[in-house]
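Each remark here refers to the structure printed beneath this line.
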Amino acid sequence: MTKDIKISIRNLFKIFGPDPDVALEYVRRGMNKADLLEQQNHVLGLRDINVDMRDGEITVIMGLSGSGKSTLIRHLNRLIEPTAGEIRVDGEDVLSYTEEQLRQLRRERMSMVFQKFALLPHKTVLENAGMAKAIRGYTTSDFEADARKWLARVGLEGNENQYPHQLSGGMQQRVGIARALVSDAPIMLMDEAFSALDPLIRSDMQDLLLELQEELHKTIVFITHDLDEALKLADHLVILKDGEVVQQGDPQDILLNPGDPYIVDFISDINRARVLRVRSVMKPGTDSGEDFAGDISERDNLETVLERSGGDTDLAFRVVRDGRQVGSLHMKDLTKALVPTAAATESHQRV
Amino acid sequence: MATYDSLFSSLGLEEWCSQGKSDAPMSMEALLAKTKGGNTEPESIWDAPFPSMDALNESCAAFPQSRELTKGLEQGFLAIKDSLSLILDPLTQPLSWFLDSALYAMLNTPWWIVIPLLLAVVYLVTKSWKLMAFVGGSIILLAFIDHYDYAMQTLAIIFVCAFLCVLLGVPIGIAMARSNTLQRLIIPVLDMLQTLPPFVYLIPLIFLFSVTESKLYGIAIILYAIVPVIRLTNLGIRLVDKDVIEAADAFGMTPRQKLYKVQIPLALPNIMAGVNQTIMMSLAMVVIASLVSAPGLGVLVLRGIRNLELGVGLVSGLGIVILAVILDRVTKASLARINASQKQ
């Protein structure tokens, strides 16, 4: 990991209520969320969050509703003010920003995509896409070419002069993404951006996002409650529960080595073959002694490999990156990796 | 012997009470009782009157009667009247000018200019030929039965007053939407303006301004009709989708950009509903305001009542109905046009 840290969150606390500073003391002394609500009548939003988000990566923050993920993402552009802690973007302390600097940050360095799209209903698709530029004082003719380009890129060519209510949900969210892209901001905040869409369209949109990321290398912070989505998109996965980070790291790592019963529960009913990738279960090295049945890419998921093997557990494959061998994968290892973690930690849970 | 004598004697206030004995004028009730011949039988508890100001006054002459209250209010008002009109007079003078010039313009422009102009405006805001034909037919009908001048006077007053209501009401509504404190302060005032019987507005205004001035009825109409546009502007801005506001913030809009590019456009359907209500209430008030010399169809209604001229009253009433239907349909059609472009 040589990429620069783009956004860094340190010791972030957020408490909702009339007197958060007093409540903060109780939380620092270890009071939990339920007690805080009952005894102090304050809601614990976030507790001691430390996350580094790297330049050009997709950081996914995952948690169930009420886990504080939407609160967390709103701290990054200060739509919500923290109770305590530090947020640095490009090394600068966002919390010390003046109103003008903050506006600058929101206009030029961060864009946001919302769960409910939040498009302006009285503006056309084109004007919506160019909203960030219009706010900065550009006229429609200034940003029209840009907006058209990105709208075409997200698949909305020909819809420029329609109004948002004339589009389907999926298309509206495409406008939302185009709006974020037209702003040219290096950081994209996506708050449950695909949660309101139906599964097929959601999967399309995920592919679109990955495709765009391939080419643009933005720093994306993505919020979701859907583990499959998180595993599909994440370079770095942060799992939140009740306002605390339960585990963070490479999603494949988390899947293979869950650090908490909560996560085990979470990952117990996902399709491991589809999520796990060759690189996380292969044996590294250029060992060529075995008789390989074929070449596979390190980024293939296990499902594709299974399909190629036809279910034969005696086969082994050569793993290649850019045409050179980086490791090997025996089907037996693959099968082992597919054993659900719940079974693997059974002895652990019996104690 | 009155019921509450003992109350004052027990409080040791007899001396204070007796001071007031001579100067209080006798009430009609007391006078009647006197002529009947005083009934001195002790009263039972069943007949005890409520200890109102008048009842207490019977026991203690120094205690004020309730008519002192209305009298005091009147005198208080008369005392501040001069200084009040000194401030209000110049402040409201433009209203007189607006009304007078609108009336003058409406009546001195030939009908063959005014009617097409009105129809053009109708088409411009509604984009409906059907509605325009309806409005044209209605105005021609009114003109044919020689009510053209009256109808145009009423319309001129409504235009001026409704315009000023919007001009003042929308900013007040926006300010209310931004501050909860201000909302708490203004809502009781709006409630009062809305529930106060319209005739009651007129009484203090008659004292403050001369009846010959057109601002007298202008103020009454504006006070009565401004309420819905304030309320609905406030409501409309408060109801703007929170997500869109958040998006506006997230993309770095200044408060001013947010107001003009998001809040007002999205609140427009509600604001326009308020404008519709305001126009309808202006029409209601302009009829009542004919009591204080507002010209227009209301004058005819008043004549119908005063002289019991049934036909005059009915025809002018019908004229008012026609105007109401025109104004309502036209504003609603333009409202529908705004709504159509704002669906979500």
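The values are calculated or read from the model by the stated rules, or taken from the named source; none is laboratory data. Computed from a prediction, not measured in an experiment: that's the story for all the values here. With ideal geometry, Cβ positions are generated from the backbone for all residues, glycine too; neighbour counts draw on all protein chains shown.
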Kindly list the number of the only condition in (1) in contact with a Lys or Arg (Cβ under 8 Å, 6 or more places away or on another chain); (2) more than 30 Å from A:Arg78 (Cβ to Cβ); (3) outside any helix (DSSP H, G or I) that fails for B:Gly313.
(3)
Only one of A:Arg103, A:Arg74 is part of a helix (DSSP H, G or I), within 13 Å of another protein chain (Cβ to nearest Cβ), within 22 Å of the chain's Cα centre (by Cα) and modelled with pLDDT of 90 or more; which?
A:Arg74
Checked against (1) crowded, with 18+ Cβ neighbours inside 10 Å; (2) within 14 Å of chain B (Cβ to nearest Cβ); (3) within 19 Å of A:Val221 (Cα to Cα), A:Lys133 satisfies every condition except (3)
Just checking, does segment B:252-269 include any residue being more than 9 Å from every other protein chain (Cβ to nearest Cβ), under 18 Å from B:Val330 (Cβ atoms) and in a helix (DSSP H, G or I)?
yes
Go through (1) in contact with a strand residue (DSSP E or B) (Cβ under 7 Å, 6 or more places away or on another chain); (2) assigned to a helix (DSSP H, G or I) one by one and return the number of the condition A:Met112 breaks.
(2)
Return a yes/no flag: does segment A:160-181 have any residue that is at positive phi and part of a loop (DSSP other than H, G, I, E, B).
no
Can you list residue pairs whose Cβ atoms sit under 6 Å apart, with the first residue in segment A:262-281 being free of Cβ contacts under 8 Å to residues at least 60 places away in the same chain and over 17 Å from A:Gly63 (Cβ atoms) and the second being small (Gly, Ala, Ser) and surrounded by 16 or more Cβ atoms within 10 Å (Cβ to Cβ)? Count only pairs 6 or more apart in sequence or on different chains.
A:Val281/A:Ala337
Within segment B:227-256, take every residue that is out of contact with any Ser or Thr (no Cβ under 7 Å at 6 or more places or on another chain) and of a type in the set (Val, Ile, Thr) and give me the one that is farthest from B:Lys81 (Cα to Cα).
B:Val244
Kindly indicate the residue of segment B:195-238 that is assigned to a loop (DSSP other than H, G, I, E, B) and under 12 Å from the mean Cα position of the chain (by Cα) and also surrounded by the fewest Cβ atoms within 10 Å (Cβ to Cβ) among those meeting that condition.
B:Pro197
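To keep it simple, each residue is scored yes or no on (1) under 18 Å from A:Val51 (Cβ atoms); (2) hydroxyl-bearing (Ser, Thr, Tyr).
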{"position": "A:Ile187", "(1), (2)": "yes, no"}
{"position": "A:Ser195", "(1), (2)": "no, yes"}
{"position": "A:Leu212", "(1), (2)": "no, no"}
{"position": "A:Glu244", "(1), (2)": "yes, no"}
Does A:Asp184 fit the bill of being within 14 Å of chain B (Cβ to nearest Cβ), buried (at least 21 other Cβ atoms within 10 Å of the Cβ), of a type in the set (Asp, Glu) and touching a helix residue (DSSP H, G or I) at 6+ places or on another chain (Cβ under 9 Å)?
no
When segment B:239-248 is checked residue by residue, the ones that are under 39 Å from the mean Cα position of the chain (by Cα) and either more than 7 Å from chain A (Cβ to nearest Cβ) or closer than 13 Å to A:Leu189 by Cβ (or both) are B:Leu239, B:Val240, B:Asp241, B:Lys242, B:Ile245, B:Glu246, B:Ala248
So which of A:Asp253, A:Asp204 is farther than 30 Å from B:Ser341 by Cβ and without any contact (Cβ under 8 Å) to a residue 40 or more places away in the chain?
A:Asp253
Taking segment B:71-127 only, how many residues are among the basic types (Lys, Arg) and on the phi < 0 side of the Ramachandran plot?
2
Going through segment A:1-26 one residue at a time, which ones are within 20 Å of the chain's Cα centre (by Cα) and assigned to a loop (DSSP other than H, G, I, E, B)?
A:Met1, A:Thr2, A:Lys3, A:Asp4
Take segment A:155-181 and flag every residue that is within 12 Å of chain B (Cβ to nearest Cβ) and within 18 Å of the chain's Cα centre (by Cα).
A:Gly176, A:Ala180
May I ask you to verify whether B:Leu182 is surrounded by fewer than 17 Cβ atoms within 10 Å (Cβ to Cβ), of a type in the set (A, V, I, L, M) and in a helix (DSSP H, G or I)?
yes
Please enumerate the residues belonging to segment B:70-107 that are farther than 12 Å from B:Phe209 by Cα, surrounded by 14 or more Cβ atoms within 10 Å (Cβ to Cβ) and among the charged types (D, E, K, R).
B:Asp100
Among the residues of segment A:38-71, write down those that are assigned to a loop (DSSP other than H, G, I, E, B) and either within 14 Å of chain B (Cβ to nearest Cβ) or among the hydroxyl-bearing types (Ser, Thr, Tyr) (or both).
A:Ser65, A:Ser67
A:Ser280 farther than 16 Å from A:Leu255 by Cβ and either crowded, with 16+ Cβ neighbours inside 10 Å or at pLDDT 85 or above (or both)
no
If I ask for residues that are hydrophobic (A, V, I, L, M, F, W, C) and under 10 Å from A:Met110 (Cα atoms), which ones from segment A:182-196 would you list?
A:Ala185, A:Ile187, A:Met188, A:Leu189
Looking at the structure I just gave you, is A:Glu81 more than 8 Å from chain B (Cβ to nearest Cβ), of a type in the set (Asp, Glu) and not in a helix (DSSP H, G or I)?
yes
Identify all residues within segment A:89-100 that are surrounded by fewer than 17 Cβ atoms within 10 Å (Cβ to Cβ) and assigned to a strand (DSSP E or B); write none if there are none.
A:Glu92, A:Asp93
Please work out which residue is farthest from the chain's Cα centre (by Cα), limiting yourself to segment A:297-341 and to residues that are assigned to a loop (DSSP other than H, G, I, E, B) and within 20 Å of A:Gln252 (Cα to Cα).
A:Val339
So, in segment A:118-128, how many residues would count as being buried (at least 24 other Cβ atoms within 10 Å of the Cβ) and more than 8 Å from chain B (Cβ to nearest Cβ)?
2
In the list B:Ala175, B:Ala220, which residue meets the criterion of being more than 24 Å from A:Met131 (Cα to Cα), aliphatic (A, V, I, L, M) and in contact (Cβ under 8 Å) with a residue 60 or more places away in the chain?
B:Ala220
Qualifying positions in segment A:131-147 - over 18 Å from B:Gln263 (Cα atoms) and either in contact with an Asp or Glu (Cβ under 7 Å, 6 or more places away or on another chain) or assigned to a helix (DSSP H, G or I) (or both):
A:Lys133, A:Thr140, A:Ser141, A:Asp142, A:Phe143, A:Glu144, A:Ala145, A:Asp146, A:Ala147
Subset of segment B:288-344 (residues that are among the basic types (Lys, Arg), within 14 Å of chain A (Cβ to nearest Cβ) and free of Cβ contacts under 8 Å to residues at least 12 places away in the same chain):
B:Lys343
Could you list all residues from segment A:27-49 that are crowded, with 16+ Cβ neighbours inside 10 Å, in contact (Cβ under 8 Å) with a residue 24 or more places away in the chain and over 27 Å from the mean Cα position of the chain (by Cα)?
A:His42
